[in-house]
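The values are calculated or read from the model by the stated rules, or taken from the named source; none is laboratory data. Owing to the predicted nature of the structure, the values given are computational and were not obtained by experimental measurement. Here the Cβ is made from the backbone with ideal geometry for all residues, glycine too, and neighbour counts use every protein chain on show. For the accessible areas, the whole protein counts, side chains as well, though only heavy atoms, and no ligand, DNA or RNA atoms are used. Shrake-Rupley method; radii C 1.70, N 1.55, O 1.52, S 1.80 Å.
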Amino acid sequence: MFADRFGLSARSIYLLFGAWGGFAWSLINAAWFLYYVTVAHLDPLQLVLVGTALEASYFVWEIPTGVLADAYSRRMSVIAGTAIIYLAWIGQGLVPLFVAIAGFEILRGLGEAFTHGAVEAWVAGECGDDGLEALFLRETQLTQIAGFVGLPIGVVLATVDLRIPIVLGGALGVALAVLLVFVMPERHHPRRDEARTWRATVGTARRGLWAVRRSALLVALLGAEFFWGAASEGWDRLSDAHLLLDLGFPPFGVTPVVGFGVLSLVGTILIIVTAQVIRRLVQRVDERVVSRWLVAMQVARVACQAVFALAPWSALALALGFLNSMLRASFYPLFNAWLIRRTDEDVRATVLSTTSVASAIGQVGGGPISGAIGNSYGIPLGILSSVAMLVPGTLFLARAVGLRGRAIASDVQEARATTV
């Protein structure tokens, strides 16, 4: 394997993956929304339908790619997914038509399915479960720092032509995939000896799905992921449109490219600081405290998004949008580590993929509803409809946390009984 010649640790490669990907994405992020609205001329419904195309593709491919990652190679799953994702962005930047953009989003859905779950399962397998929260939060920080560096470059390029940062970001992402071929190790695949057989693939699928079906906790998390997905699509596609079209952001005659670029820079700084604070706090608390934090973060997000939709001034909406971004960026590293510890090592990518499928189904169903409401009754009501979908997801998470808390209490009682 090429990676053995370089001798780089899996931890280093994981952090490099996050930083390089963060820089490439920051270039794309500086322009994609304005490109959709001002160059491709997508309306609110089309904005959401583009996301629905992505999630429908993701839904179709997520479990099969998760099974392939567990049965064959998580490393190759990450590499293939990274290449596909950024090739799709290059295509979108070159063809500003709704049909073409939707088609490339379908392709990107395949790439996202390859990488999602495989990255986390790979690094957990290579580095072990200890300290995963801190590692995931460190990766979040480095991703945001790289994004902070790349975003001004993307803004400058976008002022010349909105297509340039999208295509350049895509090219850098493809280059990352090529680099990973040479430096990414896979020394601890849980079933390396069984890999590359059809029987192993089918067995992995059965074990992963059975792990979900037999666990009330994982079933509750499927419900949470479904409603989080239904809520996220409307928010992700309509929140910036609300600022631009309803609240007149940016003010003072600033161009949208510069205004949203500054917005992203400020948000990046806040996320970096938040991740550092959470990373230090999580090292001092036990699992039950982290579980309560996860529920509290989701409750706070419901409140932030609801008031954001109703805010009469852009300043208030911006403050709430920043707070929501901070909560969201802190939530998912903690949640992923929390979930990984509750799944068997040899089916982790499959279980993570299964929960993600629930999210994708929610996005396919919930996104068009929010988009249609936004198109017919105004973007604020479209956002509020997505907020309403976030509430059941929070209740399902609280249910899962309660189940886990009772399991821990039962284990403690059994341990005490054994010692007595």
### Task
Would you be able to say whether some residue in segment 152-161 is under 25 Å from Thr268 (Cβ atoms), modelled with pLDDT under 90 and open to solvent by 50 Å² or more (accessible area, probe 1.4 Å)?
no
### Query
Among all residue pairs at least 6 apart or on different chains, which show Cβ distances below 6 Å where the first residue, located in segment 322-338, is part of a helix (DSSP H, G or I) and the second is at pLDDT 85 or above and open to solvent by 50 Å² or more (accessible area, probe 1.4 Å)?
Phe322/Leu270; Met326/Leu270
### Summary
His188 fails exactly one of (1) of a type outside the set (Lys, Arg); (2) outside any loop (DSSP other than H, G, I, E, B); (3) open to solvent by 20 Å² or more (accessible area, probe 1.4 Å), namely (2)
### Message
For segment 47-70, give me each residue that is free of Cβ contacts under 8 Å to residues at least 60 places away in the same chain and not aliphatic (A, V, I, L, M).
### Response
Ser57, Trp61, Pro64
### Task
Report whether or not Gly223 is within 19 Å of Ile63 (Cβ to Cβ), modelled with pLDDT of 85 or more, open to solvent by less than 70 Å² (accessible area, probe 1.4 Å) and not in a loop (DSSP other than H, G, I, E, B).
yes
### Task
Any residue in segment 391-405 that's at negative phi and hydroxyl-bearing (Ser, Thr, Tyr): show its pairings with residues that are open to solvent by 40 Å² or more (accessible area, probe 1.4 Å) and at pLDDT 90 or above at Cβ separation under 9 Å, as long as the two are six or more apart or on different chains.
Thr394/Phe227; Thr394/Val299
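Okay, residues lined up against (1) open to solvent by 20 Å² or more (accessible area, probe 1.4 Å); (2) modelled with pLDDT under 85:
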residue: Gln46; (1), (2): yes, no
residue: Pro64; (1), (2): yes, yes
residue: Asp70; (1), (2): no, yes
residue: Arg74; (1), (2): no, no
residue: Leu87; (1), (2): yes, no
residue: Gly93; (1), (2): no, no
residue: Glu112; (1), (2): yes, no
residue: Val119; (1), (2): no, no
### Query
For Met297, all conditions in the list (1) open to solvent by 60 Å² or more (accessible area, probe 1.4 Å); (2) modelled with pLDDT of 90 or more; (3) not charged (D, E, K, R) hold save one; what is the number of the exception?
(1)
### Query
Yes or no: Tyr35 surrounded by fewer than 24 Cβ atoms within 10 Å (Cβ to Cβ), in contact with a Lys or Arg (Cβ under 8 Å, 6 or more places away or on another chain) and at pLDDT below 90?
no
### Task
Go through segment 305-319 and give me each residue that's surrounded by fewer than 21 Cβ atoms within 10 Å (Cβ to Cβ) and in a helix (DSSP H, G or I).
Ala306, Val307, Leu310, Ser314, Ala315, Leu316, Leu318, Ala319
### Query
Got a sec? Which of Ile361, Ile369, Ile373 is open to solvent by 10 Å² or more (accessible area, probe 1.4 Å), under 27 Å from Trp122 (Cα atoms), in a helix (DSSP H, G or I) and at pLDDT 80 or above?
Ile361
